[in-house]
Amino acid sequence: MPLIGITSCRKLEDYKQSILHVGGEVRIVDASMTVDDALAGIDGLMLTGGDDVAPERYGEPAHAAVVEAEPGRDEFEFGLVKAARDRHLPLFAICRGIQVLNVACGGTLVQDIPSQVPGAVPHALKIPPNEPYTLAHEVWLEKGSLLSNLMGERLAGGDSCEVNSRHHQAVKDVARGFTVSATAPDGIIEAIEDAAAEFCLGVQWHPENFWRTGEFRPLFEGFLLAAKASST
């Protein structure tokens, strides 16, 4: 079975279950490890959610709403991204993960959607009163993208789907080599991917929260297939 490295965060269980339920094995990796030790023997890397990437990493002063991640996490995960891409490992980045991926590869972020994007739809649903899987808004998928191809049957011939949402930041300037594969109705970037890679996809919502009901299972199945191929 493919072994997937999952970056440690406060709410790990749904990430783990999303991999286990499509036939993968899991290793949790964190900043107490070296990058080489974290990646040793794994077949794919998943970047998880959490607090904000330090704005200094993309050359901006911090907005008042920024809550930086725990010490050492940015440095560790930026190192993971570089090493994983150098090794051509499949990479699936979720919520904070898409932001880490974009900044590590040279992009920037919207630091606070509510104050910096007039007319934005709600992107930061609170739990409670909402559930982790509460749907927040629609996203439009770019036809022909990896994301759209993976979700094809679930889209029933359309080009959009409903997603949950718990973030106040988003991709702003897309890193070189990446393309946008989904946007929200307000124009906020909801997914990016590197078409030149075997599997390098970042999404801003939380597909892992749906492991029981399977709405986004094809994303994890596609990730595992790529990881299995990389292990041979």
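The values are calculated or read from the model by the stated rules, or taken from the named source; none is laboratory data. Bear in mind the structure is a predicted one, so any value in this text is a computation, not a measurement. Ideal geometry is used to build each Cβ from the backbone, glycine not excepted, and the neighbour counts take in all protein chains shown.
Of note:
- Of the residues in the range 149-159, none is of a type in the set (Gly, Ala, Ser) and at pLDDT 95 or above.
- Filter result (surrounded by fewer than 16 Cβ atoms within 10 Å (Cβ to Cβ), touching a Lys or Arg at 6+ places or on another chain (Cβ under 9 Å) and in contact (Cβ under 8 Å) with a residue 24 or more places away in the chain) within the range 150-207: Arg154
- Every residue from the range 64-82 that is on the phi < 0 side of the Ramachandran plot and either surrounded by fewer than 16 Cβ atoms within 10 Å (Cβ to Cβ) or modelled with pLDDT under 95 (or both): Ala64, Ala65, Val67, Glu68, Ala69, Glu70, Pro71, Glu75, Lys82
- Pairs, first in contact (Cβ under 8 Å) with a residue 40 or more places away in the chain in the range 117-139, second polar (S, T, N, Q) and outside any loop (DSSP other than H, G, I, E, B), C-beta under 7 Å, six or more apart: Pro132/Asn209; Tyr133/Asn209; Glu138/Ser160; Val139/Ser160; Val139/Thr183
- Looking only at residues in the range 125-149 that are surrounded by 14 or more Cβ atoms within 10 Å (Cβ to Cβ) and small (Gly, Ala, Ser), the one that is farthest from Ser181 (Cα to Cα) is Ala136.
- Counting only helices (runs of 4 or more DSSP H) that fall entirely inside the range 90-157 and contain at least 3 residues that are among the hydrophobic types (A, V, I, L, M, F, W, C) and touching a helix residue (DSSP H, G or I) at 6+ places or on another chain (Cβ under 7 Å), the qualifying elements are 96-104.
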